[in-house]
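The values are calculated or read from the model by the stated rules, or taken from the named source; none is laboratory data. These numbers come from a predicted model, not from an experiment. For neighbour counting, all protein chains shown are included, and Cβ atoms are generated from backbone atoms with ideal geometry for every residue, glycine included. Ligands, DNA and RNA are excluded from the accessible area calculation, which covers all protein heavy atoms including side chains. Shrake-Rupley method; radii C 1.70, N 1.55, O 1.52, S 1.80 Å.
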Amino acid sequence: MALQQKGMHGTWGSRWTFIMAATGSAVGLGNMWKFPYIAGSNGGGAFVLVYLGCILLVGIPVMMAEVILGRHGRKSPINSMRDIVVESAAHRHWAHVGWLGVLAGVLILSFYTVIAGWALSYIFEVGSGELRGVSGDSAGAVFARLLDDPSRLIFWQTVFLALCVGVVMGGVKKGLGVAVEVLMPLLFVMLLLLLGFSYFKGNFDAAVSFLFRFNLDQLTWRGVLEAMGHAFFTLSIGMGAIMAYGAYMPQRANMGKTILMVAFLDTAVAIVSGLIIFSIVFATEGLEPSAGPGLMFISLPVAFGNMPGGLLIGAIFFVLVSIAAWSSAISLLEPCVAWFVETKNMGRFRANLVLAGFVWLLGLGTVFSFNIWADYKLFGFTFFDGLDFLTANIMLPISGLLIALFVGFVMNKKAVDSEMLGANPSLETLWRFTVRYVAPVAIGAVFIMGVYDKFFS
Ligand code: PHE
(Lines give C-alpha, C1' and ligand atoms only; values in the text may rest on other atoms or scores of the structure.)
Protein backbone atom coordinates (compact mmCIF):
# COMPACT_ATOMS: atom_id res chain seq x y z
CA MET A 1 0.00 0.00 0.00
CA ALA A 2 1.46 3.37 -0.91
CA LEU A 3 0.61 6.05 1.58
CA GLN A 4 -0.86 9.36 0.48
CA GLN A 5 1.45 12.12 -0.67
CA LYS A 6 -0.47 14.97 0.92
CA GLY A 7 -1.88 15.24 4.41
CA MET A 8 -5.06 16.92 5.55
CA HIS A 9 -3.24 19.66 7.48
CA GLY A 10 -1.38 21.22 4.53
CA THR A 11 2.35 21.64 3.90
CA TRP A 12 4.96 24.30 4.65
CA GLY A 13 5.27 26.94 1.94
CA SER A 14 8.84 25.86 1.16
CA ARG A 15 11.84 23.91 2.40
CA TRP A 16 12.98 27.13 4.03
CA THR A 17 9.82 27.31 6.14
CA PHE A 18 10.41 23.75 7.27
CA ILE A 19 13.96 24.66 8.28
CA MET A 20 12.72 27.66 10.23
CA ALA A 21 9.94 25.64 11.86
CA ALA A 22 12.19 22.74 12.82
CA THR A 23 14.90 25.11 14.04
CA GLY A 24 12.24 27.02 15.95
CA SER A 25 11.20 23.78 17.57
CA ALA A 26 14.75 22.75 18.35
CA VAL A 27 16.02 26.07 19.65
CA GLY A 28 14.34 26.76 22.94
CA LEU A 29 14.71 26.70 26.70
CA GLY A 30 16.87 23.64 26.18
CA ASN A 31 19.54 25.71 24.45
CA MET A 32 19.37 28.85 26.51
CA TRP A 33 18.36 27.75 29.98
CA LYS A 34 19.07 24.06 30.33
CA PHE A 35 22.25 23.55 28.30
CA PRO A 36 24.30 26.24 30.08
CA TYR A 37 23.25 25.12 33.51
CA ILE A 38 23.73 21.37 33.01
CA ALA A 39 27.07 22.04 31.32
CA GLY A 40 27.89 24.24 34.32
CA SER A 41 26.91 21.64 36.90
CA ASN A 42 28.80 18.90 35.06
CA GLY A 43 32.04 20.82 34.96
CA GLY A 44 31.93 22.32 31.45
CA GLY A 45 34.23 21.07 28.68
CA ALA A 46 34.05 17.29 28.96
CA PHE A 47 30.28 17.39 29.17
CA VAL A 48 30.11 19.61 26.10
CA LEU A 49 32.27 17.15 24.18
CA VAL A 50 30.02 14.21 25.09
CA TYR A 51 26.98 16.27 24.18
CA LEU A 52 28.42 17.08 20.76
CA GLY A 53 29.18 13.38 20.25
CA CYS A 54 25.60 12.50 21.11
CA ILE A 55 24.24 15.05 18.65
CA LEU A 56 26.39 13.66 15.88
CA LEU A 57 26.12 9.91 16.51
CA VAL A 58 22.64 9.66 17.92
CA GLY A 59 20.72 12.90 17.50
CA ILE A 60 21.14 13.54 13.80
CA PRO A 61 20.50 9.94 12.61
CA VAL A 62 17.43 9.59 14.81
CA MET A 63 16.15 12.98 13.74
CA MET A 64 16.42 11.89 10.15
CA ALA A 65 14.57 8.68 10.94
CA GLU A 66 11.83 10.64 12.63
CA VAL A 67 11.37 13.05 9.74
CA ILE A 68 11.25 10.07 7.35
CA LEU A 69 8.43 8.58 9.39
CA GLY A 70 6.56 11.87 9.46
CA ARG A 71 6.96 12.70 5.81
CA HIS A 72 6.04 9.21 4.76
CA GLY A 73 3.00 9.03 7.02
CA ARG A 74 1.81 12.60 6.39
CA LYS A 75 -0.33 12.57 9.52
CA SER A 76 -0.03 13.13 13.26
CA PRO A 77 2.70 10.92 14.75
CA ILE A 78 0.20 8.46 16.20
CA ASN A 79 -1.59 7.90 12.91
CA SER A 80 1.55 8.06 10.79
CA MET A 81 3.15 5.33 12.87
CA ARG A 82 0.02 3.21 12.67
CA ASP A 83 -0.19 3.51 8.88
CA ILE A 84 3.50 2.80 8.37
CA VAL A 85 3.36 -0.22 10.67
CA VAL A 86 0.55 -1.60 8.54
CA GLU A 87 2.35 -0.76 5.31
CA SER A 88 5.51 -2.48 6.53
CA ALA A 89 3.54 -5.50 7.78
CA ALA A 90 5.22 -5.06 11.16
CA HIS A 91 3.94 -6.20 14.54
CA ARG A 92 1.14 -3.88 15.62
CA HIS A 93 2.88 -3.03 18.90
CA TRP A 94 5.31 -0.87 16.98
CA ALA A 95 2.47 1.60 16.63
CA HIS A 96 2.86 2.43 20.32
CA VAL A 97 6.00 4.37 19.48
CA GLY A 98 3.79 7.18 18.20
CA TRP A 99 1.86 7.22 21.45
CA LEU A 100 4.96 7.23 23.59
CA GLY A 101 6.28 10.26 21.74
CA VAL A 102 3.08 12.25 21.91
CA LEU A 103 2.68 11.45 25.61
CA ALA A 104 6.24 12.60 26.32
CA GLY A 105 5.51 15.76 24.37
CA VAL A 106 2.44 16.61 26.39
CA LEU A 107 4.26 15.97 29.68
CA ILE A 108 7.13 18.18 28.56
CA LEU A 109 4.76 20.92 27.47
CA SER A 110 3.21 20.95 30.94
CA PHE A 111 6.45 22.05 32.60
CA TYR A 112 7.81 23.92 29.60
CA THR A 113 4.97 26.44 29.80
CA VAL A 114 5.75 27.12 33.48
CA ILE A 115 9.46 27.75 32.92
CA ALA A 116 8.74 29.82 29.82
CA GLY A 117 6.43 31.83 32.09
CA TRP A 118 9.44 32.67 34.29
CA ALA A 119 11.23 34.04 31.24
CA LEU A 120 8.19 36.14 30.29
CA SER A 121 7.94 37.58 33.78
CA TYR A 122 11.66 38.40 33.78
CA ILE A 123 11.26 40.64 30.74
CA PHE A 124 9.39 42.97 33.08
CA GLU A 125 11.38 42.19 36.19
CA VAL A 126 14.63 43.17 34.48
CA GLY A 127 13.14 45.80 32.17
CA SER A 128 11.53 47.75 35.04
CA GLY A 129 14.97 48.85 36.24
CA GLU A 130 14.44 47.63 39.78
CA LEU A 131 17.36 45.25 39.59
CA ARG A 132 19.90 48.03 39.03
CA GLY A 133 23.00 47.27 41.13
CA VAL A 134 21.33 44.19 42.61
CA SER A 135 23.44 41.85 44.78
CA GLY A 136 23.46 38.05 44.48
CA ASP A 137 21.34 37.71 47.60
CA SER A 138 18.67 40.10 46.52
CA ALA A 139 18.50 38.60 43.03
CA GLY A 140 18.06 35.24 44.71
CA ALA A 141 15.28 36.71 46.82
CA VAL A 142 13.53 38.14 43.74
CA PHE A 143 13.57 34.72 42.08
CA ALA A 144 12.49 32.96 45.28
CA ARG A 145 9.58 35.37 45.60
CA LEU A 146 8.42 34.44 42.10
CA LEU A 147 8.70 30.72 42.79
CA ASP A 148 6.93 31.07 46.13
CA ASP A 149 3.89 32.65 44.59
CA PRO A 150 1.67 30.12 42.81
CA SER A 151 -0.71 32.77 41.51
CA ARG A 152 2.06 34.67 39.72
CA LEU A 153 3.45 31.46 38.27
CA ILE A 154 0.01 30.44 37.08
CA PHE A 155 -0.59 33.87 35.58
CA TRP A 156 2.56 33.71 33.42
CA GLN A 157 2.04 30.05 32.56
CA THR A 158 -1.44 30.95 31.32
CA VAL A 159 -0.21 33.93 29.28
CA PHE A 160 2.44 31.76 27.63
CA LEU A 161 0.04 28.92 26.87
CA ALA A 162 -2.42 31.39 25.36
CA LEU A 163 0.31 32.70 23.05
CA CYS A 164 0.98 29.16 21.86
CA VAL A 165 -2.66 28.31 21.34
CA GLY A 166 -3.07 31.53 19.35
CA VAL A 167 -0.47 30.34 16.85
CA VAL A 168 -1.46 26.69 16.61
CA MET A 169 -5.11 27.57 16.03
CA GLY A 170 -4.05 29.33 12.83
CA GLY A 171 -3.00 26.03 11.26
CA VAL A 172 0.17 24.95 9.50
CA LYS A 173 0.51 27.68 6.88
CA LYS A 174 -1.08 30.71 8.46
CA GLY A 175 -0.32 29.95 12.09
CA LEU A 176 2.88 27.98 12.59
CA GLY A 177 4.42 28.90 9.23
CA VAL A 178 3.93 32.65 9.59
CA ALA A 179 5.02 32.64 13.23
CA VAL A 180 8.33 30.93 12.59
CA GLU A 181 9.11 33.06 9.56
CA VAL A 182 8.82 36.17 11.68
CA LEU A 183 10.20 34.90 14.97
CA MET A 184 13.28 33.01 13.88
CA PRO A 185 15.08 35.80 11.99
CA LEU A 186 14.30 38.07 14.96
CA LEU A 187 15.79 35.51 17.28
CA PHE A 188 19.02 35.28 15.31
CA VAL A 189 19.44 39.05 15.16
CA MET A 190 18.97 39.35 18.93
CA LEU A 191 21.35 36.49 19.59
CA LEU A 192 24.09 38.17 17.55
CA LEU A 193 23.48 41.44 19.34
CA LEU A 194 23.91 39.74 22.71
CA LEU A 195 26.97 37.86 21.53
CA GLY A 196 28.54 41.20 20.58
CA PHE A 197 27.65 42.65 23.97
CA SER A 198 29.09 39.73 25.90
CA TYR A 199 32.24 39.73 23.76
CA PHE A 200 32.99 43.36 24.48
CA LYS A 201 31.62 43.68 28.00
CA GLY A 202 31.86 40.19 29.46
CA ASN A 203 34.68 37.83 30.29
CA PHE A 204 34.62 36.04 26.96
CA ASP A 205 37.92 34.19 27.37
CA ALA A 206 36.85 32.60 30.63
CA ALA A 207 33.62 31.45 28.98
CA VAL A 208 35.50 29.89 26.07
CA SER A 209 37.87 28.02 28.32
CA PHE A 210 35.05 26.86 30.59
CA LEU A 211 33.06 25.42 27.68
CA PHE A 212 35.99 23.89 25.83
CA ARG A 213 38.45 22.73 28.48
CA PHE A 214 38.11 18.98 28.75
CA ASN A 215 38.41 18.15 32.43
CA LEU A 216 37.23 14.55 32.39
CA ASP A 217 37.35 14.05 36.15
CA GLN A 218 34.09 15.94 36.68
CA LEU A 219 32.12 13.75 34.31
CA THR A 220 29.92 10.93 35.68
CA TRP A 221 27.72 8.34 33.96
CA ARG A 222 24.77 10.31 35.17
CA GLY A 223 26.30 13.27 33.35
CA VAL A 224 26.70 11.24 30.17
CA LEU A 225 23.06 10.17 30.35
CA GLU A 226 22.11 13.78 30.90
CA ALA A 227 24.12 14.77 27.83
CA MET A 228 22.34 12.17 25.71
CA GLY A 229 18.90 12.94 27.09
CA HIS A 230 19.64 16.55 26.37
CA ALA A 231 20.66 15.79 22.79
CA PHE A 232 17.15 14.37 22.28
CA PHE A 233 15.49 17.20 24.13
CA THR A 234 17.32 19.95 22.30
CA LEU A 235 16.74 18.50 18.84
CA SER A 236 13.06 17.97 19.73
CA ILE A 237 13.30 14.29 18.86
CA GLY A 238 11.63 11.28 20.44
CA MET A 239 8.38 13.11 21.10
CA GLY A 240 6.57 13.45 17.84
CA ALA A 241 7.28 17.14 17.32
CA ILE A 242 9.76 16.67 14.50
CA MET A 243 7.68 13.80 13.09
CA ALA A 244 4.65 16.07 12.91
CA TYR A 245 6.66 18.85 11.27
CA GLY A 246 8.13 16.32 8.85
CA ALA A 247 4.60 15.43 7.81
CA TYR A 248 4.20 18.97 6.45
CA MET A 249 7.47 18.92 4.56
CA PRO A 250 7.30 19.35 0.80
CA GLN A 251 7.98 16.04 -0.96
CA ARG A 252 10.91 17.28 -2.99
CA ALA A 253 12.99 18.84 -0.24
CA ASN A 254 16.35 17.09 0.27
CA MET A 255 16.14 15.37 3.61
CA GLY A 256 19.80 15.01 4.56
CA LYS A 257 20.91 18.57 3.92
CA THR A 258 17.85 19.99 5.58
CA ILE A 259 18.28 18.04 8.79
CA LEU A 260 22.01 18.76 8.99
CA MET A 261 21.20 22.44 8.72
CA VAL A 262 18.67 22.27 11.55
CA ALA A 263 21.02 20.32 13.81
CA PHE A 264 23.86 22.70 13.04
CA LEU A 265 21.76 25.77 13.85
CA ASP A 266 20.52 24.20 17.08
CA THR A 267 24.03 23.33 18.25
CA ALA A 268 25.35 26.72 17.27
CA VAL A 269 22.65 28.45 19.28
CA ALA A 270 23.40 26.30 22.34
CA ILE A 271 27.11 27.09 22.18
CA VAL A 272 26.52 30.78 21.53
CA SER A 273 24.03 30.96 24.41
CA GLY A 274 26.58 29.25 26.66
CA LEU A 275 29.22 31.77 25.60
CA ILE A 276 26.87 34.69 26.23
CA ILE A 277 25.73 33.47 29.62
CA PHE A 278 29.11 32.39 30.96
CA SER A 279 30.97 35.45 29.78
CA ILE A 280 28.42 37.60 31.59
CA VAL A 281 28.51 35.40 34.69
CA PHE A 282 32.32 35.28 34.80
CA ALA A 283 32.51 39.05 34.43
CA THR A 284 30.93 39.41 37.86
CA GLU A 285 32.78 38.62 41.03
CA GLY A 286 31.47 35.73 43.10
CA LEU A 287 29.02 34.11 40.64
CA GLU A 288 29.28 30.37 40.12
CA PRO A 289 28.75 28.59 36.78
CA SER A 290 27.32 25.61 38.65
CA ALA A 291 24.30 27.48 39.99
CA GLY A 292 21.78 25.00 38.50
CA PRO A 293 18.35 26.00 37.16
CA GLY A 294 18.70 29.42 38.79
CA LEU A 295 21.71 30.29 36.63
CA MET A 296 19.63 32.25 34.17
CA PHE A 297 17.30 33.80 36.70
CA ILE A 298 19.68 34.70 39.54
CA SER A 299 23.23 34.93 38.28
CA LEU A 300 22.40 36.63 35.01
CA PRO A 301 20.21 39.39 36.48
CA VAL A 302 22.99 40.19 38.98
CA ALA A 303 25.42 40.48 36.12
CA PHE A 304 23.03 42.55 34.01
CA GLY A 305 22.13 44.79 36.95
CA ASN A 306 25.77 45.66 37.50
CA MET A 307 26.78 46.45 33.94
CA PRO A 308 26.32 49.78 32.22
CA GLY A 309 23.35 49.40 29.89
CA GLY A 310 22.93 45.91 31.23
CA LEU A 311 19.25 46.12 32.13
CA LEU A 312 18.13 46.97 28.61
CA ILE A 313 20.27 44.15 27.25
CA GLY A 314 18.87 41.93 30.01
CA ALA A 315 15.30 42.68 28.97
CA ILE A 316 16.19 41.90 25.36
CA PHE A 317 17.78 38.67 26.54
CA PHE A 318 14.56 37.51 28.20
CA VAL A 319 12.50 38.52 25.14
CA LEU A 320 14.85 36.30 23.16
CA VAL A 321 14.42 33.38 25.54
CA SER A 322 10.64 33.79 25.46
CA ILE A 323 10.56 33.80 21.67
CA ALA A 324 12.73 30.69 21.56
CA ALA A 325 10.45 28.95 24.04
CA TRP A 326 7.38 30.04 22.11
CA SER A 327 8.52 28.62 18.78
CA SER A 328 9.34 25.35 20.57
CA ALA A 329 6.17 25.02 22.57
CA ILE A 330 3.99 25.35 19.48
CA SER A 331 5.70 22.25 18.11
CA LEU A 332 4.77 20.36 21.24
CA LEU A 333 1.10 21.29 20.89
CA GLU A 334 0.82 20.55 17.18
CA PRO A 335 1.20 16.73 17.13
CA CYS A 336 -1.60 16.17 19.57
CA VAL A 337 -3.82 18.84 18.03
CA ALA A 338 -3.31 17.18 14.63
CA TRP A 339 -4.30 13.87 16.15
CA PHE A 340 -7.50 15.31 17.66
CA VAL A 341 -8.38 16.85 14.30
CA GLU A 342 -7.80 13.59 12.43
CA THR A 343 -9.33 11.19 14.87
CA LYS A 344 -11.83 13.00 17.05
CA ASN A 345 -13.40 14.97 14.26
CA MET A 346 -12.67 18.22 16.06
CA GLY A 347 -11.84 21.60 14.54
CA ARG A 348 -8.46 23.11 15.37
CA PHE A 349 -10.09 25.60 17.67
CA ARG A 350 -11.67 23.02 19.92
CA ALA A 351 -8.73 20.66 19.75
CA ASN A 352 -6.47 23.44 21.00
CA LEU A 353 -8.74 24.37 23.85
CA VAL A 354 -9.14 20.80 25.06
CA LEU A 355 -5.43 20.09 24.95
CA ALA A 356 -4.40 23.42 26.44
CA GLY A 357 -6.83 22.87 29.30
CA PHE A 358 -5.28 19.51 30.05
CA VAL A 359 -1.70 20.81 29.78
CA TRP A 360 -2.58 23.76 32.01
CA LEU A 361 -3.95 21.48 34.72
CA LEU A 362 -0.95 19.19 34.57
CA GLY A 363 1.31 22.25 34.67
CA LEU A 364 -0.08 23.09 38.10
CA GLY A 365 1.93 20.13 39.40
CA THR A 366 5.10 21.89 38.28
CA VAL A 367 3.90 25.23 39.66
CA PHE A 368 3.24 23.71 43.08
CA SER A 369 6.48 21.75 43.15
CA PHE A 370 8.27 25.06 43.71
CA ASN A 371 6.11 26.09 46.65
CA ILE A 372 3.31 24.22 48.41
CA TRP A 373 4.46 20.78 47.22
CA ALA A 374 8.20 21.48 47.47
CA ASP A 375 8.61 18.92 50.24
CA TYR A 376 6.79 16.07 48.53
CA LYS A 377 9.50 13.97 46.94
CA LEU A 378 9.77 10.57 45.32
CA PHE A 379 13.31 9.14 44.90
CA GLY A 380 14.48 12.63 45.82
CA PHE A 381 12.53 14.18 42.95
CA THR A 382 9.93 16.90 43.23
CA PHE A 383 7.05 16.72 40.75
CA PHE A 384 8.95 18.95 38.33
CA ASP A 385 12.32 17.21 38.73
CA GLY A 386 10.58 13.87 38.29
CA LEU A 387 8.81 14.92 35.09
CA ASP A 388 12.02 16.38 33.72
CA PHE A 389 14.01 13.22 34.50
CA LEU A 390 11.27 10.88 33.31
CA THR A 391 10.77 12.62 29.97
CA ALA A 392 14.30 13.72 29.01
CA ASN A 393 16.29 10.84 30.46
CA ILE A 394 13.88 7.91 30.15
CA MET A 395 11.04 8.40 27.68
CA LEU A 396 13.00 10.24 25.00
CA PRO A 397 15.90 7.77 24.87
CA ILE A 398 13.49 4.83 24.75
CA SER A 399 11.41 6.44 22.08
CA GLY A 400 14.56 7.38 20.14
CA LEU A 401 15.87 3.84 20.40
CA LEU A 402 12.62 2.39 19.09
CA ILE A 403 12.47 4.89 16.23
CA ALA A 404 16.04 4.03 15.21
CA LEU A 405 15.35 0.28 15.30
CA PHE A 406 12.05 0.62 13.49
CA VAL A 407 13.35 2.73 10.62
CA GLY A 408 16.65 0.83 10.53
CA PHE A 409 15.30 -2.72 10.45
CA VAL A 410 11.53 -2.94 10.29
CA MET A 411 10.16 -0.24 8.04
CA ASN A 412 9.61 -1.15 4.41
CA LYS A 413 12.94 -0.46 2.73
CA LYS A 414 11.39 0.88 -0.45
CA ALA A 415 9.46 3.41 1.58
CA VAL A 416 12.62 4.56 3.35
CA ASP A 417 14.43 4.85 0.03
CA SER A 418 11.64 6.87 -1.49
CA GLU A 419 12.02 9.44 1.28
CA MET A 420 15.81 9.49 0.98
CA LEU A 421 15.68 10.16 -2.75
CA GLY A 422 18.34 12.58 -3.86
CA ALA A 423 20.60 11.86 -0.92
CA ASN A 424 24.29 11.30 -1.50
CA PRO A 425 24.67 7.47 -1.64
CA SER A 426 27.67 7.22 0.67
CA LEU A 427 26.06 9.53 3.20
CA GLU A 428 22.94 7.41 2.99
CA THR A 429 24.94 4.26 3.71
CA LEU A 430 26.61 5.98 6.63
CA TRP A 431 23.24 7.08 7.96
CA ARG A 432 21.79 3.59 7.63
CA PHE A 433 24.69 2.08 9.52
CA THR A 434 24.48 4.67 12.28
CA VAL A 435 20.74 4.38 12.71
CA ARG A 436 20.89 0.57 12.79
CA TYR A 437 23.91 -0.04 14.98
CA VAL A 438 25.70 2.98 16.39
CA ALA A 439 22.71 4.88 17.73
CA PRO A 440 20.90 1.91 19.34
CA VAL A 441 24.06 0.62 21.02
CA ALA A 442 25.00 4.08 22.27
CA ILE A 443 21.49 4.81 23.55
CA GLY A 444 21.22 1.40 25.23
CA ALA A 445 24.60 1.59 26.94
CA VAL A 446 24.29 5.15 28.14
CA PHE A 447 20.73 4.56 29.29
CA ILE A 448 21.61 1.51 31.39
CA MET A 449 24.70 3.07 32.95
CA GLY A 450 22.98 6.38 33.63
CA VAL A 451 19.91 4.88 35.26
CA TYR A 452 22.10 2.53 37.30
CA ASP A 453 24.20 5.47 38.43
CA LYS A 454 21.14 7.44 39.46
CA PHE A 455 19.27 4.79 41.36
CA PHE A 456 21.71 2.11 42.52
CA SER A 457 25.03 3.68 43.31
N1 PHE B 1 13.98 21.45 21.66
C2 PHE B 1 13.35 22.32 22.60
C3 PHE B 1 14.38 23.01 23.43
O4 PHE B 1 15.56 22.74 23.31
C5 PHE B 1 12.41 21.61 23.50
C6 PHE B 1 11.42 20.83 22.78
C7 PHE B 1 11.36 19.53 22.95
C8 PHE B 1 10.57 21.42 21.87
C9 PHE B 1 10.49 18.78 22.24
C10 PHE B 1 9.70 20.67 21.16
C11 PHE B 1 9.67 19.34 21.33
O12 PHE B 1 14.06 23.82 24.25
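In terms of Cα to Cα distance under 14 Å, which aspartates and glutamates are near enough to Lys174, apart from those fewer than 8 places away along the same chain?
Of all the aspartates and glutamates, those that pass the test against Lys174 - Cα under 14 Å, at least 8 places apart if same chain - are Glu334.
What lysines does Lys413 reach when the alpha-carbon gap must be under 30 Å and sequence neighbours fewer than 8 apart in one chain are set aside?
Lys6, Lys75, Lys257
Along the charge dipole of the chain, which of Thr434, Leu225, Val281 sits closest to the positive end, that is, farthest toward it, with unit charges on the beta carbon of Lys, Arg, Asp and Glu (+1, +1, -1, -1)?
Most positive-ward Cα: Thr434.
Hey, rough spin-label estimate for Asp148 and Trp99, points 7 angstrom out along Cα→Cβ, what's it come to in nanometres?
The modelled label-to-label distance comes out at 4.4 nm.
Exposed loop GluC sites (Glu not before Pro) only (DSSP loop, at most 16 other Cβ atoms within 10 Å): please give the longest stretch of the chain free of them, not including the sites.
That would be 286-457.
Under a Cβ-Cβ cut-off of 11 Å, what is the net charge of the residues other than Ala303 that fall near it, where Lys and Arg count +1 and Asp and Glu count -1?
Residues near Ala303 contribute 0 overall.
Looking at the chain, which longest stretch skips every one of the chymotrypsin sites (Phe, Trp or Tyr not before Pro) that is in a DSSP loop with at most 15 other Cβ atoms within 10 Å, leaving the sites themselves out?
1-213
What does the extension gain come out to for Arg436 and Lys174, with contour length at 0.36 nm per residue minus their alpha carbon separation?
Stretched fully, the Arg436-Lys174 segment lengthens by 90.6 nm.
Got a number for carbon plus sulfur as a percent of the chain's accessible area, 1.4 Å probe?
67
Which value, in debye to the nearest 20, gives the size of the charge dipole of segment 15-455 about its Cα centre, when Lys and Arg are +1 and Asp and Glu are -1 at the Cβ?
In total the dipole reaches around 1340 debye.
Compute the FRET efficiency between Asn412 and Val208 as 1/(1 + (r/R0)^6), taking r as their Cβ-Cβ distance and R0 = 56 Å, and round to the nearest 0.05.
FRET efficiency, Asn412 to Val208: 0.75.
Tell me which aspartates and glutamates have Cα within less than 12 Å of Lys34's Cα, excluding those fewer than 8 residues away on the same chain?
Partners within reach: Glu226, Asp388.
Summing -39500 (n - 2.57) over the DSSP H runs of n ≥ 4 in the chain and dividing by its residue number, what mean residue ellipticity at 222 nm do you reach, to the nearest 500 deg cm²/dmol?
Roughly -22500 deg cm²/dmol at 222 nm, from the helical runs in the chain.
In the chain, once you exclude exposed trypsin sites (Lys or Arg not before Pro) (DSSP loop, at most 15 other Cβ within 10 angstrom), what's the longest stretch remaining?
Segment 7-131 is the longest.
Among Gly28, Ile237, Pro425, whose Cα projects farthest towards the positive end of the dipole of the chain, with charges put on the beta-carbon of Lys, Arg (+1) and Asp, Glu (-1)?
Of Gly28, Ile237, Pro425, it is Pro425.
Thinking of the chain as a set of Cα atoms, what percent of all their pairs are more than 38 Å apart?
Cα-Cα pairs in the chain separated by more than 38 Å: 19 percent.
Starting from the 7 Å offset along Cα-to-Cβ, what nm value, one decimal, do you get for the label separation of Val354 and Phe456?
4.2
Rounded to the nearest whole Å², what accessible area per residue is found for the chain with the 1.4 Å probe?
In whole numbers, the chain has 38 Å² accessible per residue.
Express in nm, to one decimal, how much length is gained between Leu186 and Ala445 on full extension, taking 0.36 nm for each residue of separation and deducting their alpha carbon distance.
Result: 89.3 nm gained on full extension.
Pick out, from Tyr199, Val58, Ala392, the residue whose Cα sits farthest towards the positive end of the charge dipole of the chain, with +1 on the Cβ of Lys and Arg and -1 on the Cβ of Asp and Glu.
Val58
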